[in-house]
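Comments concern the structure below.
FYI, it's all coordinate maths here, none of it is from the lab. Model, not experiment: these values are computed from the prediction. Ideal geometry is used to build each Cβ from the backbone, glycine not excepted, and the neighbour counts take in all protein chains shown.
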Amino acid sequence: MWLENKKTGLKWFIANEDHAKRLLKSGDFEKVEVEEKKPQKKAPAKRDEA
């Protein structure tokens, strides 16, 4: 579960559900949806034939 700290804006992935619930209950965090960034395919480097 991804949580965002309301004070700092940092996003954290909390794997332990019990811990995530405690953080949400504290009021300092809110649940957020995070899009995973996929690596972009790069074109192969062109080599000059000498």
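Of all the residues that make up the stretch 6-18, how many are surrounded by 12 or more Cβ atoms within 10 Å (Cβ to Cβ) and either in a strand (DSSP E or B) or over 17 Å from the mean Cα position of the chain (by Cα) (or both)?
Count: 2.
Listed here are the residues, each with its yes/no results for (1) among the small types (G, A, S); (2) in contact (Cβ under 8 Å) with a residue 12 or more places away in the chain.
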residue: W2; (1), (2): no, yes
residue: K7; (1), (2): no, yes
residue: K11; (1), (2): no, yes
residue: A20; (1), (2): yes, yes
residue: S26; (1), (2): yes, no
residue: E30; (1), (2): no, yes
residue: K41; (1), (2): no, no
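Checking the conditions here, which among L24, L3 is in a strand (DSSP E or B) and of a type in the set (A, V, I, L, M)?
Step by step, each of L24, L3 is checked, and only L3 is in a strand (DSSP E or B) and of a type in the set (A, V, I, L, M).
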